[in-house]
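Okay, structure first, notes after.
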Amino acid sequence: MHILATTILYGGLAYHGLKKKSLSLSGAVAAAAVCFPTFSHPFILFMTVLLTFYLSSSKLTKVGTSTKKKLEEDFKEGGQRNAVQVFSNGFTGTVIACLHYMLVVHENKGSMEGLCFADSSTNWLSRLNTALLAAYIGTYACCNGDTWASELGVFSKSDPYLITTLRPVPKGTNGGISLIGTLASIAGGAVIGLIAALSHISSPCFSLGLITRLVVFASVCGFIGSMIDSVLGATLQRSTFNKKSGQITQDFRRLKKGEEKTDLVVVSGWEVLDNHQINFVSSLLTGVIAGVVAFIAF
């Protein structure tokens, strides 16, 4: 019954993404691959956190489309995330969900009974549970925080500042930061933390202290993840400004017919990684940092 419900749920989610143009066809297939193992996990936290990221980021992508269309050369209506985009944000979280099931739930006789997040227990299984939950929450706090920062940061009245040099750069520049974007990254992380805490509502672990701890923890992860993404974007991802269109170009952009070299101006970064790879690396690093910190400190 659980498998059937899971199949119906992620099938409906994929259909919703296609209908609302938040997912392309390949993105919908990839979303199913990410959702099935995650939604099949017996602890509802894994499903609710992923759903929160998907629904909130999809909604924010559609905010201010006219403004974003003017700034982004590769703008797509509704977002239309493809398989690469889905996996770059969801692969790490999916692996963590599978690891948690195999290493924690399976060892605990197929349930979460007796396991609480950050319960100060010296029991190895309890500490591993806390570390993997923290890594999962940290990963999606990074993804959600960075997405919120990107989608809302463009509405800043002033140009952003490149995180590595603090010089003003055009809106849409990889590695550009603003006050609005930074606050959005913290808020995006906080929402993930709140949902993670509320997912414990039927557990003896649920308390105001748990809510506070997870919201603060995820807020910090959202901020740190966004900063990691910005540093990587400012250094390992090239941002090029098209003087004719007034837009930041897509990754690895080359001259098109009728364009001259002087039309494209390099703003920052080297051509090493594209945006999807940056997202993957930043969420992976944030997840690892979150898990290690939780294992040592909680």
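Hey, any hits in the stretch 264-271 for a residue that's assigned to a helix (DSSP H, G or I) and either touching a Phe, Trp or Tyr at 6+ places or on another chain (Cβ under 7 Å) or at pLDDT below 85 (or both)?
Checked the stretch 264-271: no residue is assigned to a helix (DSSP H, G or I) and either touching a Phe, Trp or Tyr at 6+ places or on another chain (Cβ under 7 Å) or at pLDDT below 85 (or both).
Give L152, L128, L132, L115 a once-over and let me know the one that is part of a loop (DSSP other than H, G, I, E, B) and aliphatic (A, V, I, L, M).
Going through L152, L128, L132, L115 in turn, just one is part of a loop (DSSP other than H, G, I, E, B) and aliphatic (A, V, I, L, M): L115.
Among the listed residues K244, K257, which satisfies the condition of being in contact with a helix residue (DSSP H, G or I) (Cβ under 9 Å, 6 or more places away or on another chain) and either in a loop (DSSP other than H, G, I, E, B) or among the hydroxyl-bearing types (S, T, Y) (or both)?
K244
Does S121 qualify as being among the hydroxyl-bearing types (S, T, Y), assigned to a helix (DSSP H, G or I) and more than 30 Å from S58 (Cα to Cα)?
no
Does S158 satisfy the condition of being within 21 Å of E72 (Cβ to Cβ) and either modelled with pLDDT of 95 or more or among the aliphatic types (A, V, I, L, M) (or both)?
Considered against the rule, which asks whether it is within 21 Å of E72 (Cβ to Cβ) and either modelled with pLDDT of 95 or more or among the aliphatic types (A, V, I, L, M) (or both), S158 comes out as no.
Where residues in the stretch 53-67 are among the β-branched types (V, I, T) and surrounded by fewer than 21 Cβ atoms within 10 Å (Cβ to Cβ), which of them is farthest from A141 (Cα to Cα)?
By that ranking, first place goes to T67.
Where residues in the stretch 5-32 are at pLDDT below 80, assigned to a helix (DSSP H, G or I) and among the hydroxyl-bearing types (S, T, Y), which of them is nearest to K62 (Cα to Cα)?
Here the answer is Y15.
Are any residues in the stretch 90-112 of a type outside the set (S, T, Y) and either outside any helix (DSSP H, G or I) or without any contact (Cβ under 8 Å) to a residue 40 or more places away in the chain (or both), and if so, which ones?
The answer is V95, L99, M102, L103, V104, H106, E107, N108, K109, G110, M112.
Can you pull out the residues in the stretch 204-232 that are more than 18 Å from I289 (Cβ to Cβ) and touching a residue at least 60 places away in the same chain (Cβ under 8 Å)?
The answer is P204, C205, L210.
What tally of residues in the stretch 33-46 results from selecting those that are surrounded by fewer than 20 Cβ atoms within 10 Å (Cβ to Cβ) and part of a helix (DSSP H, G or I)?
So the count comes out to 3.
Closer than 29 Å to G291 by Cβ, touching a residue at least 60 places away in the same chain (Cβ under 8 Å) and β-branched (V, I, T), is that true of I177?
no
Quick one: in the stretch 239-298, which of the residues that are surrounded by fewer than 18 Cβ atoms within 10 Å (Cβ to Cβ) and among the small types (G, A, S) is farthest from the chain's Cα centre (by Cα)?
Here the answer is G258.
Name the one entry in A197, A184 that is surrounded by 18 or more Cβ atoms within 10 Å (Cβ to Cβ), without any contact (Cβ under 8 Å) to a residue 40 or more places away in the chain and in contact with an Asp or Glu (Cβ under 8 Å, 6 or more places away or on another chain).
It is A184.
Of the numbered conditions (1) part of a helix (DSSP H, G or I); (2) aliphatic (A, V, I, L, M); (3) out of contact with any Asp or Glu (no Cβ under 8 Å at 6 or more places or on another chain), I278 fails exactly one; give the number of that condition.
Answer for I278: the failing condition is (3).
Can you name every residue in the stretch 172-181 that is in contact with a strand residue (DSSP E or B) (Cβ under 9 Å, 6 or more places away or on another chain) and surrounded by fewer than 21 Cβ atoms within 10 Å (Cβ to Cβ)?
S178, the sole residue that qualifies.
Any idea how many residues of the stretch 235-270 are in contact (Cβ under 8 Å) with a residue 40 or more places away in the chain and either of a type in the set (F, W, Y) or over 19 Å from G175 (Cα atoms) (or both)?
Residues in the stretch 235-270 being in contact (Cβ under 8 Å) with a residue 40 or more places away in the chain and either of a type in the set (F, W, Y) or over 19 Å from G175 (Cα atoms) (or both): 2 in total.
Only one of (1) surrounded by 18 or more Cβ atoms within 10 Å (Cβ to Cβ); (2) closer than 14 Å to H41 by Cβ; (3) free of Cβ contacts under 8 Å to residues at least 40 places away in the same chain is not met by S126, so which one is it?
(2)
The values are calculated or read from the model by the stated rules, or taken from the named source; none is laboratory data. Computed from a prediction, not measured in an experiment: that's the story for all the values here. Virtual Cβ from ideal backbone geometry, glycine too; neighbours counted across all protein chains shown.
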